[in-house]
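Structure first, then comments.
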Amino acid sequence: MATGVHGGVSTLEVGTDIVRVEGLVKTFDGTTQVLGGVDLTVGDGEFVALLGRSGGGKTTALRILEGLDPDYSGTVLVPEQRSVVFQEPRLLPWQPVWQNVVLGIGGSRSERRAIARDALEEVGLTHRADAWPRTLSGGEAQRAGLARALVREPRLLLLDEPFGALDALTRLRMHGLLRRLIAKHRPGVVLVTHDVQEAIDLADRIVVLDAGTITASLELTDIRGSEDEVERLAEVREQVLAALGVEYEI
Ligand SMILES: Nc1ncnc2c1ncn2[C@@H]1O[C@H](COP(=O)(O)OP(=O)(O)OP(=O)(O)O)[C@@H](O)[C@H]1O
Ligand SMILES: [Mg+2]
């Protein structure tokens with residue numbers, strides 16, 4: 001069951017979708033239309049990867065889903081419990097890691113400390129609980145960001161290129177961590193990424209945003225584990241690249 005971003009009327013009766021976006025239009029400064037009628041649903045527990053050209057409006061869409069930007073037209077229904085992780089970790093530099101993780105979470109100091117400890121353990125960062133954010137590596141900072149997102153037990157996890165700034169090996173490790181966390185917590189996910197392979201590796205479905213609308217939606221779940229998985233994933237890759245306007249040859 002989803003509700004309006006801004007505490008609006010809950011109009012989504014069907015229990016299987018956690019996001020329903022219909023005719024989402026976003027214009028900046030009254031003239032520049034960035035989103036020109038986006039339609040998107042995300043099923044409960046579904047992992048959707050959102051790809052699109054740079055400047056195409058992905059972050060804009062994600063900010064609207066998170067509720068950070070109320071200035072749009074169209075229908076946007078999302079669950080109350082949602083968390084976002086951005087490309088840059090956005091940890092408060094004057095608070096130790098554990099306090100960043102439980103930012104905005106109520107309770108006594110010891111209760112909050114225990115919540116942070118559990119979350120940091122999940123992301124393999126217990127030993128950095130008392131560290132200052134500036135002393136963390138990029139991968140550690142993103143793990144802290146994931147821990148902070150997950151202590152809210154989100155039904156919808158919004159990820160805006162969370163691994164974009166990491167080296168290839170750390171990124172692969174983060175993929176493994178994200179998979180484990182999602183298997184445990186089962187949130188619906190919208191992951192914005194530029195990395196087609198990352199989308200193929202992680203998502204149940206890939207959607208492409210182009211010229212302000214969703215121009216492709218490619219299902220991956222029925223491909224995984226199939227006999228011709230490799231060939232079919234290669235086809236998906238080709239279709240995604242074509243939808244992104246990238247010319248390439250195998
Ligand atoms: N606050 C703002 N005021 C005016 N224009 C904006 C604002 N925020 C974003 N834009 C413009 O909206 C367009 C979409 O930006 P957005 O950040 O959503 O793109 P994106 O798809 O996330 O790009 P990238 O892949 O590079 O992160 C861009 O042209 C950007 O300049
Ligand atoms: Mg962006």
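The values are calculated or read from the model by the stated rules, or taken from the named source; none is laboratory data. Since this is a predicted model, take the numbers as computed values, not measurements. Glycine also receives a Cβ, built like all others from the backbone with ideal geometry; neighbour counts cover every protein chain displayed. Protein only, heavy atoms only, side chains kept; ligands, DNA and RNA dropped before computing areas. Shrake-Rupley method; radii C 1.70, N 1.55, O 1.52, S 1.80 Å.
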Next on the checklist: Of all residues being under 23 Å from V196 (Cα atoms), within 14 Å of ligand 2 (Cβ to nearest atom) and assigned to a loop (DSSP other than H, G, I, E, B) in the range 61-90, which is least open to solvent (accessible area, probe 1.4 Å)? Just the residue, please.
Outcome noted: F86
Item to check | Top-ranked residue in the range 174-195 [being within 16 Å of ligand 2 (Cβ to nearest atom) and not in a loop (DSSP other than H, G, I, E, B); ranked as farthest from V78 (Cα to Cα)] | outcome: V192
Checklist outcome for this item: Residue pairs within 9 Å by beta carbon, gap of at least six or interchain, first lying in the range 49-60 and open to solvent by less than 10 Å² (accessible area, probe 1.4 Å) and in a loop (DSSP other than H, G, I, E, B), second of a type in the set (V, I, T) and more than 9 Å from ligand 2 (Cβ to nearest atom), listed first then second, are G57/V34; G57/V38
Checklist outcome for this item: If we ask which residues in the range 197-221 are under 15 Å from H175 (Cβ atoms) and open to solvent by 30 Å² or more (accessible area, probe 1.4 Å), their number turns out to be 3
Next on the checklist: If a residue must be of a type in the set (K, R) and either at positive phi or at pLDDT below 95 (or both), how many such residues does the range 128-147 contain?
Outcome noted: 1
Checklist outcome for this item: All-but-one check, K26 against (1) without any contact (Cβ under 8 Å) to a residue 40 or more places away in the chain; (2) more than 19 Å from the chain's Cα centre (by Cα); (3) within 10 Å of ligand 1 (Cβ to nearest atom); (4) surrounded by 18 or more Cβ atoms within 10 Å (Cβ to Cβ), failing number (1)
Next on the checklist: Within the range 112-127, take every residue that is buried (at least 16 other Cβ atoms within 10 Å of the Cβ) and not in a helix (DSSP H, G or I) and give me the one that is modelled with the lowest pLDDT.
Outcome noted: V123
Next on the checklist: Can you find, within the range 71-120, the residue that is farthest from R134 (Cα to Cα) among those that are within 16 Å of ligand 1 (Cβ to nearest atom) and of a type in the set (V, I, T)?
Outcome noted: V76
